[in-house]
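A short write-up of the structure that comes next.
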Amino acid sequence: MKKRILIIEDHPETSEMMARMLELEGYEVLIASDGKMGIEKTLSEKPNLILLDVMLPGMSGFEVCEKLKSDPKTSQIPIIIVSIRAAEESIRKGKSLGANDYLPKPFDPAKLLELVKKYLG
Amino acid sequence: MPPEIEKIKLYLRIKWWVIAAAALLIGAETFFGVVSPVASLSSFIALAIAASSALFLQLRIEKPTVPIHISLNFDLFLIILALYFNGGIENSWLFFPVFIIFFSGYLFSVRASLAYAVVSYLSILLMFFLEYFKIIPHFGIYNLPELYWRNTEYCIDYLVGMFMLYFFAAFSSGYLNQIMAQAAERLGRSLKETQTAQKESENARKALLNLTEDLTRARDTLEARVKERTAELEEAKSNLEQKVAERTAELEKSRRAVIHMMKDLKDDMEKLKVIDRMKTEFLSMVSHELRTPLTPIKGYLYLLTSEKMGSLTDQQKKALEIISRQSEHLQTLIDSILDLSRIERGQPLPLKKEPMSIKAAIEEVAEAMKIQAQAKQLNLILEIQENLPTIMGDSIKIKRALTNLLGNAFKFTPEGGEVKVRAFAEDSSLRVEVIDNGIGLAPENLTKIFEKFYQVDSSITRAAGGMGMGLPIAKEIVELHGGKIWAESEGLGKGSKFIFTLPITGG
C-alpha cells in the first residue's frame, strides 16, 4: 500500500513542489494550508508521516505539533518540521514538543527524500 | 685728704663761740676787777691770736689743711699758755687740750688726733717738769702750799690721768671720725646706688614710655590696617556673592539644558528602540520572505536536473546548472545578510560544532568554485598538509568563510593570476592561508577590510558582485571558533595573504 504523507504548508509553490517530488518517488501526498485543516486531515486521513511548516496562518506549526502529539489518536504519526527558522532554539522547541526531526528551508531535496525514507521505510 | 667743709665750718663756729664766750668772761672779770690788767690784757692778746687764726682759716677755707693745723696749734699753744699762767700744775682744767685733740681727730683722722695728743701731752709734761723742778716760776691761783702741788704722787696721778684722757680722746675722736667717714662713705655709696637705681628706673620708665608710645602707634597702625582689610574683605565678599549669584544662574541654565538634553536623549533612545524593533521585525520578515521562494526554486531545479520530469538536452542541462549556481549564490547572499545583521546586533551566529576535517572543507569549496577560477583563468593550487588533525567546528560556516576568502582572492586577482590555499598545523593550532598575487593591499587597509561594508574600491567589488560582507562574516566565524584572522600584504600590486588559525582541541 502506498504510504501517505501529509504536507502542512501555506506557501502553495513550496507545497506543490514537495508534493510533486514525493509523488514521483511513489508516495501519496495530501496538502493542508493551515494548522486547523492539517489537524482535521490528520484525524480523517491518518497519514503515515507529516511534514509540518511552522509559519502558518492562525495556529502556528508548533501548536499543531503539540496538539497532534498529545492526542493519542495521532501521537504515533512521525512529524518532520520543515521550516525557514533554523535557529537552535527553534529546533529545540520543536523537538521538545515531540517533533521527530527538523529540516530547515530551503532544503536540499535529496536530504528531504532521505528523511522521508527514514521514517517511512 | 682735706676735711669736709662742713666739719671745718663746725669747728670754726665752735671756735668763734668759745672766743666770744672767753672774751665776755675776761671782759666781765676785768670790769669787775677780778683779774689784774696784765692778766686781762694777755688774755685778750690770746683771744686775738685765736681769732686771727680762725679768720685765717676762714679765708683759706678752700685749701684748709695747713690753716687748720695752724689754727689748732695756735689754739693748743694758747690753751697751754693760759693753763700755765692760771695755776699750771694746780689748774684742774688741764683736760682742755682734749678739745683740740678731738677736733683734730674729727677734722682729720686718728693719726692727726694721736699727733695732737702726743704734742698736748708733751706740752703739759714739759710744763709739769719745768714747774716741779722750779726751772720756771709757778703761777698759783688757789694759794695752795707748795707741798700740795709739788707732790710727786699728785703729779704722777695727774700725768697718768691726762695721758689716758688725751689718748682716749685721740682714739675716740679719730675712730669716731673714721666710723662716721665710713658711714658717710656707705651713705654716699648707697646714695650713689640709689641715684643709679633712680637713673635706671628713670631709664626704664623712659623706655617703658617709648614702648607704650610704640605700642600705641603700632596699635593705631594695626587698627588702620584692620579697617582697610575689613573694607577690602567686604568688597571681596560682595564681589564673591555677585559671582556666586552669576555662577548659580549659569549652573541653573546648564542644569536645565542638561535636563533638556537628557529628555532629548531619552526620546532618541526611544526612537532607536523602536527602530531597532522595526529592524528586527523587518529582518525576520525579510529572512522569511527571501528564503521562501528559494525552496521551490531548489526543489524544481532538483526535479529538473535529475531528469525526473523528463530527459534534458545538453544545452538544457547546462542552463539548469547555471540556474543552480546562481540560486546557490543567492542563498549565500541571503544567509550572509542575515548573519551580518545578527553580528551587528551582537547576536551569536548559530554554530553547530562537530568534528570536521579542514582538508575536506577546503577541497569541497575549491571544487565548488573551480568554475569561477576557470572563468578568469586563475590557477588554483591547494597545499594541504597530510594527516591534519580533526577540529571541532561548524563545517558549513567554515566552508562559508573559505568561500568568502577565495571569492575575494578571485575578485582581486587579474586574469592569469594564481591563488594558493595552504593548510598546516602550527603549534597547537591549524593554520590556513589564502594567498594571491593580485592587486594587494595598502598597509592602512589591512585591518579596515574586516569592517562591515568596508570596500577598498567599491567599483571592483560591485563589478565582481558583492557587498563587502565576506570578510566580516569570515572574521566572526573564525573568532567564534576561537581562532584569529588577519591579512598581510607587501603593498599595492604585490598580492595579498589572508591567514586564519583554528585551535586544535585536545584529541
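The values are calculated or read from the model by the stated rules, or taken from the named source; none is laboratory data. Model, not experiment: these values are computed from the prediction. Every residue, glycine among them, receives a Cβ derived from its backbone with ideal geometry; neighbour counts consider all protein chains shown. What goes into the accessible areas is simple: the full protein's heavy atoms, side chains included, and nothing from ligands, DNA or RNA. Shrake-Rupley method; radii C 1.70, N 1.55, O 1.52, S 1.80 Å.
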message = Cβ-Cβ under 8 Å, sequence separation 6+ or interchain: first residue in region A:14-25 and at the interface with chain B (Cβ under 7 Å from one of its Cβ atoms), partner in a loop (DSSP other than H, G, I, E, B) and crowded, with 17+ Cβ neighbours inside 10 Å. Which pairs?
response = A:THR14/A:ASP53; A:THR14/A:LYS105; A:MET18/A:GLU9
query = Are any of the residues in region B:269-284 surrounded by 14 or more Cβ atoms within 10 Å (Cβ to Cβ), at pLDDT below 90 and within 14 Å of chain A (Cβ to nearest Cβ)?
reply = yes
ask   = If B:ILE396 passes every condition in (1) open to solvent by less than 60 Å² (accessible area, probe 1.4 Å); (2) modelled with pLDDT under 90; (3) within 24 Å of B:ALA361 (Cα to Cα); (4) out of contact with any strand residue (DSSP E or B) (no Cβ under 8 Å at 6 or more places or on another chain) but one, which one does it miss?
value = (1)
Selected residue [of a type outside the set (S, T, N, Q) and within 14 Å of chain B (Cβ to nearest Cβ)] from A:GLU45, A:GLU40, A:GLU66, A:GLU114 = A:GLU114
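Rundown of residues vs (1) in the same structural domain as B:LEU10 (by the TED database); (2) surrounded by fewer than 21 Cβ atoms within 10 Å (Cβ to Cβ); (3) in contact with a strand residue (DSSP E or B) (Cβ under 7 Å, 6 or more places away or on another chain); (4) closer than 30 Å to B:GLN182 by Cβ, yes/no style:
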| residue | (1), (2), (3), (4) |
| --- | --- |
| B:GLY88 | yes, no, no, no |
| B:PHE96 | yes, yes, no, yes |
| B:SER104 | yes, no, no, yes |
| B:LEU114 | yes, yes, no, yes |
| B:VAL118 | yes, yes, no, yes |
query = Would you say B:LEU76 is open to solvent by less than 30 Å² (accessible area, probe 1.4 Å) and modelled with pLDDT of 85 or more?
reply = yes
request  = Test B:LEU303 against the criterion of being at pLDDT below 90 and under 28 Å from A:ALA86 (Cβ atoms), and give yes or no.
outcome  = no
ask   = Does B:ALA170 qualify as being outside the structural domain of B:GLU4 (by the TED database), more than 30 Å from B:SER109 (Cα to Cα) and surrounded by 11 or more Cβ atoms within 10 Å (Cβ to Cβ)?
value = no
note = Residues of region B:451-493 being of a type in the set (Lys, Arg) and at pLDDT 90 or above, in sequence order, are B:LYS475, B:LYS484
ask   = Considering region B:120-143 alone, what residues qualify as being among the hydrophobic types (A, V, I, L, M, F, W, C) and either open to solvent by 60 Å² or more (accessible area, probe 1.4 Å) or farther than 15 Å from B:SER92 by Cα (or both)?
value = B:LEU122, B:LEU125, B:LEU126, B:PHE129, B:LEU130, B:PHE133, B:ILE135, B:ILE136, B:PHE139, B:ILE141
ask   = Is one or more of the residues making up region B:297-313 assigned to a helix (DSSP H, G or I) and open to solvent by 90 Å² or more (accessible area, probe 1.4 Å)?
value = no
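Here is a yes/no grid of residues against (1) of a type outside the set (Ser, Thr, Tyr); (2) under 23 Å from B:MET369 (Cβ atoms); (3) at the interface with another protein chain (Cβ under 9 Å from one of its Cβ atoms):
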| position | (1), (2), (3) |
| --- | --- |
| B:ILE297 | yes, yes, yes |
| B:TYR302 | no, yes, yes |
| B:ALA319 | yes, yes, no |
| B:LEU333 | yes, yes, no |
Filter result (within 12 Å of A:LYS67 (Cα to Cα) and crowded, with 18+ Cβ neighbours inside 10 Å) within region A:30-52 = A:GLY35, A:GLY38, A:ILE39, A:THR42
ask   = Which residue pairs have Cβ atoms under 6 Å apart, sit 6 or more places apart or on different chains, and have a first residue in region B:350-365 that is farther than 19 Å from B:LEU480 by Cα and a second that is in a helix (DSSP H, G or I) and not hydrophobic (A, V, I, L, M, F, W, C)?
value = B:VAL365/B:LYS399; B:VAL365/B:THR403
message = Out of A:LEU115, A:LEU6, I need the residue that is among the hydrophobic types (A, V, I, L, M, F, W, C) and either open to solvent by 30 Å² or more (accessible area, probe 1.4 Å) or not in a strand (DSSP E or B) (or both). Which one?
response = A:LEU115
inquiry  = Given the criteria among the aromatic types (Phe, Trp, Tyr), surrounded by fewer than 13 Cβ atoms within 10 Å (Cβ to Cβ) and over 60 Å from the mean Cα position of the chain (by Cα), does B:TRP16 qualify?
reply    = no
